[in-house]
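Asks: Pasting a structure here, questions to come.
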Amino acid sequence: MSTSQTRDPEPEIRHRTVDVGEVRLHIAESGSGPLVLLLHGFPEFWYAWRRILPALAREGFHVVAPDMRGYGASDKPEGIEPYGTVHLAADIAGLVRALGAPRASVVGHDWGAGVAFCFAMAHPELLDRLVVINGPHPVRLLRDGPRSARQLARSWYMFMFQLPGIPERVMSRDNYAMLIKALREEVRGPNALEPEELERYREAFAAPGALSAMVNYYRAAIRRKSQVHPRRIDAPVLVLWGDEDRHLGREFADPGADLTPDVRIVHVPGATHWVHHERPELVTAEVAAFLRHQGA
């Protein structure tokens, strides 16, 4: 492992890089105690958790937010196959082991939720508890999503992402205007992203190889490249769901009793897909209360 010399303006957050096996991941971390991993979604990076990370650390946890492979300051393997869920889940398993923890609780949003589900299925011995935030179980999405015309319309971008080269050109145009506009307009309320925060995202998008890596998550998923074999998750699961999500139907909040028999679902009226930005205090409180029962 090597430790970065930079520190986030938030003094409680430390940064370093960790070798997790196939790749090296940049992590932001704070606190001590039981290990909690925070997994970001598309098109974010560890910075998505900048409010929740230190708040959870103050609740008595060792909280770690990685840039997942392909994002931020983490390694960015070339090609589509390295972004299959077997590899993504293995990264999280490698991170738990590298941090010296016997198990971890995992919190994931959007694609981070998908990776968290896959980690839970592939490495149940390393999982304590699972929290998903506006992210469907991948089995449910692939099984039921194509049957819903409304969900297919909401997921139009997933099909656009299959085109070689075109998504990268579109998203990088005018200094990443498309991605910045989406973040600026979709995150609502008093915690809407400020210009300086959006600039942090723009810098992350500009990292060499980042856009192709981000899109390759979707390419690998559609092509079923290196996917985790589905299995039931017996660990306790908490779902937090912003009900005004424009990308995912409310019905996908429920992973299904066949896939997650021990699940609690909390709907957040008025919140969008970006509930972790819009309602960080609520998310922190719900997650902390759920995790305090670790090992129970």
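Since every read-out is calculated from the coordinates, none of them should be taken as a lab result. As the structure is a prediction and not an experimental result, all values here were calculated from the model. Here Cβ is always computed from backbone atoms with ideal geometry, including for glycine, and neighbour counts include all displayed protein chains.
Asks: What residue among Ala221, Ala257, Ala104 has the largest mean-square fluctuation in a Gaussian network model of the chain, using Cα springs under 10 Å?
Replies: Ala257
Asks: Sticking with this structure for a sec: Take the chain, connect every pair of alpha-carbon atoms lying under 10 Å apart with a spring to form a Gaussian network, then pick out the residue of Ala101, Ala65, Ala48 with the largest mean-square fluctuation.
Replies: Taking springs between Cα atoms under 10 Å, the residue moving most is Ala101.
Asks: Something else about it: What's the percent breakdown of Cα-Cα distances in region 70-118 across 10 Å bins, shortest bin first?
Replies: Distribution as computed: 23, 55, 21, 1 percent.
Asks: Evaluate the relative contact order of region 13-93 (contact order divided by residue number), counting alpha-carbon pairs under 8 angstrom at least 6 apart; express in whole percent.
Replies: Dividing the mean separation by the residue count of region 13-93 yields 33 percent.
Asks: Here is a follow-up. 5 Å is the cut-off here: which amide hydrogens, built 1.01 Å from N in the peptide plane, fall below it relative to Arg24, excluding neighbours closer than 5 in sequence?
Replies: Amide H neighbours of Arg24, under 5 Å, 5+ apart: Asp75.
Asks: From the residues Pro82, His293, Phe61, which one has its Cα farthest along the dipole of the chain in the positive direction, the dipole being from +1 and -1 charges on Cβ of Lys/Arg and Asp/Glu about the Cα centre?
Replies: Working it through, the farthest residue towards the positive pole turns out to be Pro82.
Asks: For region 2-291, what's the relative contact order in percent, using C-alpha pairs closer than 8 Å and at least 6 residues apart?
Replies: RCO, region 2-291: 20 percent.
Asks: Ok, one more. Shape call for the chain from the C-alpha gyration tensor, a ≥ b ≥ c root eigenvalues: rounded (a/c under 1.5), prolate (a/b greater than b/c) or oblate?
Replies: Note, shape of the chain comes out rounded.
Asks: If amide H atoms are built 1.01 Å from N in the plane of the peptide, which residues on other chains or at least 5 residues away come under 5 Å of the amide H of Val268?
Replies: Long-range HN contacts for Val268: Trp241, Gly242, Asp243.
Asks: Please build a GNM for the chain, connecting alpha carbons under 10 Å apart, and tell me which residue among Glu281, Glu196, Glu168 fluctuates the most.
Replies: Comparing Glu281, Glu196, Glu168 in the GNM, the peak value goes to Glu196.
Asks: Can I ask one more? Would you mind working out the magnitude of the charge dipole of region 2-291 relative to its Cα centre, with +1 at each Lys and Arg C-beta and -1 at each Asp and Glu C-beta, to the nearest 20 Debye?
Replies: Using Cβ point charges on Lys, Arg, Asp and Glu, region 2-291 gives about 680 debye.
Asks: Another question, if that's okay. Could you state the number of Å between the C-alpha centres of region 203-226 and region 44-121?
Replies: Centre-to-centre (Cα) distance: 15 Å.
Asks: Which order do Tyr218, Tyr83 fall in if you start with the one that has the fewest other Cβ atoms within 10 Å?
Replies: Fewest to most other Cβ atoms nearby, the residues stand as Tyr218, Tyr83.
Asks: Quick one: compute a quarter of the convex hull surface over the Cα atoms of region 15-87 and quote it in nm².
Replies: Averaging across all directions leaves 5.0 nm² for the Cα convex hull.
Asks: Further, regarding this structure: Indicate the gyration tensor shape class of region 185-296 (rounded, prolate or oblate), computed on the Cα atoms with a ≥ b ≥ c the square roots of the eigenvalues: a/c under 1.5 is rounded; otherwise a/b larger than b/c is prolate and the rest oblate.
Replies: Judged from the Cα gyration tensor, region 185-296 comes out oblate (a/c at least 1.5, b/c at or above a/b).
Asks: Give me the distance in nm between label points sitting 7 Å out from Cα along the Cα-to-Cβ direction at Arg16 and Glu81, one decimal.
Replies: That separation, rounded to one decimal, is 3.3 nm.
Asks: What is region 202-273's relative contact order, in percent, from Cα pairs under 8 angstrom and six or more apart in sequence?
Replies: 33 percent
Asks: Additional query: Assign unit charges at the C-beta atoms only (+1 for Lys and Arg, -1 for Asp and Glu), then state the dipole size of region 160-210 relative to its Cα centre in Debye, rounded to the nearest 20.
Replies: 200 debye
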